[in-house]
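The structure under discussion appears below in the form of structure tokens.
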Amino acid sequence: MARIMRAHLFAFLLALACAPAAAAGPDIFQGFETSPTEHGFYEIQSKDRDRGGDGRVTLAARAREGKQALKLTTRVGDSFVHGSNRWERTDIATSADAVGGKPGQYWWWANSILLPDDFHMPRGGEEGYVLMDWHDDCSMRRVPVARGQAPVNLIVATRDGWPTLQLRAYGGDPADRTGQEQRVVIDPEPRKNVWYDFVHEVRWASDSHGLYRLWMRRGDERAYRLVFERVDRPTLWAGCEVYLKLANYHGPYGVPSSVLHDRIVRGKRPQDVALAPLDDR
């Protein structure tokens, strides 16, 4: 009997060793080839009762990968949209459930952004743009946040009167007005008509277990460069989760403005999401 049991155990272990590995690759890949909302994955936050009318949420034949990209356009007067007050907004947003923005979850993400000719590059005292953020759901949960900032923001903001591309991160105690704020300039001279590719390594946590690293690649550079690192610090507000927003959200500048987004990818490993190698950490 013992010999039979050992034989069965050996056969089981042999079959396990010879079984094909789990399929690699992304588990979310959105290229905006047929729909600007990816068939209901996103909801529109735009003028005209959030319906994105008048060509504000469209597909553009200028893709990072494939044939089309998402184009978000604001028109003069697109303020007071989905809580934007005087700022102008055309965004699309998903849910925390859809993207896995919950405490303890660990992901690799990638996205690409292009600032086209009709992007208004802020100057002087102009307030800048949010291009993408991991937005908290604190208001839905009735959790007041003193800092009032989404946990992670990819933005264009002026510094000394000139535009810069920045990443800003916050988290922890919602009553803490600092939110353990971290700001890093990742490109001191953002360019138009160049695809910016990003890879994000993230562990969502409202305490010291949080992690956020960002790599950036411009155009056809050989590799992504590590441009931001937040280690052993919160990436969520306590009691809240996060959802993804692709954004064109900015101060009122008196002109229309557009932003292109493409290639929203999630996986468990960097090679599941990246277009090129990541530089050494």
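The values are calculated or read from the model by the stated rules, or taken from the named source; none is laboratory data. Just so it is clear, the model here is predicted, and its values are computed rather than measured. FYI the Cβ positions are ideal-geometry reconstructions off the backbone, even for glycines, and counts take in every protein chain you see.
Could you please find all residues in region 238-267 being among the aliphatic types (A, V, I, L, M), within 19 Å of ALA60 (Cβ to Cβ) and either surrounded by fewer than 22 Cβ atoms within 10 Å (Cβ to Cβ) or modelled with pLDDT under 95 (or both)?
Residue satisfying the conditions is VAL255 alone.
Sort out which residues of region 160-196 are closer than 20 Å to TYR243 by Cα, within 13 Å of the chain's Cα centre (by Cα) and in contact (Cβ under 8 Å) with a residue 60 or more places away in the chain, and write them in order of number.
LEU167, ALA169 - these are the residues of region 160-196 that are closer than 20 Å to TYR243 by Cα, within 13 Å of the chain's Cα centre (by Cα) and in contact (Cβ under 8 Å) with a residue 60 or more places away in the chain.
If a residue has to be surrounded by fewer than 19 Cβ atoms within 10 Å (Cβ to Cβ) and either in a strand (DSSP E or B) or among the aliphatic types (A, V, I, L, M) (or both) to count, how many in region 228-237 make the cut?
2
Against the condition in contact (Cβ under 8 Å) with a residue 60 or more places away in the chain, in a loop (DSSP other than H, G, I, E, B) and touching a strand residue (DSSP E or B) at 6+ places or on another chain (Cβ under 9 Å), how does HIS135 come out, does it pass?
no
Residues to consider are VAL81, VAL76; find the one that is assigned to a loop (DSSP other than H, G, I, E, B), surrounded by fewer than 19 Cβ atoms within 10 Å (Cβ to Cβ) and among the aliphatic types (A, V, I, L, M).
Result of the check over VAL81, VAL76: VAL76.
Does any residue in region 230-259 that is free of Cβ contacts under 8 Å to residues at least 60 places away in the same chain come within less than 9 Å, Cβ to Cβ, of a residue that is of a type in the set (S, T, N, Q) and surrounded by fewer than 24 Cβ atoms within 10 Å (Cβ to Cβ) six or more places away or on a different chain, and which pairs are these?
Listed by first residue and then by second, the contacts come to ASP232/SER208.
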